[in-house]
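To start, the structure itself, in structure tokens.
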Amino acid sequence: MKTILLLLSIISISTFATVIPNEPHIYVEGYAEKEISPDQIKISVSIVSTNLDADVAKLEIDEKSLKIFESTKKLGIGANQITATPIQIFPAIERDNGKRIDNGTRVSRNIDIVLKDLTKYPLLNDALISAEITSKISSTVELADERAVKKDVLMLAIKDAKLKAQEIAEIQGKKLKDVHSVSEFQTRQQETYNLHPNQSIYGQSYGAGQVRYRVPPKSSVFKIGKMRATATVYVVYTIE
């Protein structure tokens, strides 16, 4: 235990020494947030069929899958926006008061549809109902390029940090010299080996979650709220 604690202490001190220079410096926190609109919806459909005859159960899954593919094609949804898993087959065994009940075979398949035209969501929802898809259906709004959005807001946070550093330096009659370090980790804390980057995207949620939130059931007025991307950085500037 002593060896482990000593090792962690050495790592912590070494990391801190690398981030914080021995010469005069300014340590600032930069923050930025940006309101964005989601640009796609991911609809996940789980098709399940149980029958004493495995062939009948499989046939039902094939027929429902075909109905979904035909419906999406009519809506102009490309094949590259649809992902279907291989069919899974399991024994449909249940227990009732300790008694084993054999319901035959359970066949299932999951289909994911990425809808890039959000205005078509109500139409797709109707199409799934018309195809008699009554099993589990879940929908989430997403960003097509989440990485690019995070990078953009991160750059804004870095600019915010520089502005703060310049203002502080001017008050002290100093000038910024160089950037010594930039990090998403708050290195001033002692628990440097336990830190996590503070960067997220979130929005008004119909259910729960930060990066994504659930789409409500179909209504006469279909409207998706905004999402908010945030980023925090910690920058050390040397001064002169």
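Okay, here's what the table says:
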{"item": "239, 113, reordered so the largest accessible area comes first (probe 1.4 Å)", "result": "239, 113"}
{"item": "Label-to-label distance, nm, for residues given as residue 70 and residue 35 (7 Å Cα→Cβ offset)", "result": "4.4 nm"}
{"item": "Efficiency of FRET between residue 155 and residue 81 - r from beta-carbon atoms, R0 51 angstrom, step 0.05", "result": "0.95"}
{"item": "Cross-link reach list, aspartates and glutamates versus residue 175, counting only Cα pairs under 13 Å and skipping chain neighbours closer than eight places", "result": "167, 240"}
{"item": "Entries of 151/177; 67/150; 74/136; 34/162; 73/150; 64/116 with Cα pairs more than 28 Å apart", "result": "67/150; 73/150"}
{"item": "Theoretical gain in end-to-end length, residue 99 to residue 23 [0.36 nm per residue, Cα-Cα removed]", "result": "19.7 nm"}
{"item": "Ranked by how many other beta carbons lie within 10 Å on average, peptides 226-236, 88-98 from highest", "result": "226-236, 88-98"}
{"item": "Portion, in percent, of the accessible area of the range 72-188 that falls on carbon or sulfur, probe 1.4 Å", "result": "51 percent"}
{"item": "For the range 75-191, accessible area per residue (1.4 Å probe, heavy atoms of protein chains only), Å²", "result": "64 Å²"}
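The values are calculated or read from the model by the stated rules, or taken from the named source; none is laboratory data. None of the values given here were measured: they were computed from a predicted structure. Note: ideal-geometry Cβ built from the backbone for every residue, glycine included; neighbour counts use all protein chains shown. Protein only, heavy atoms only, side chains kept; ligands, DNA and RNA dropped before computing areas. Shrake-Rupley method; radii C 1.70, N 1.55, O 1.52, S 1.80 Å.
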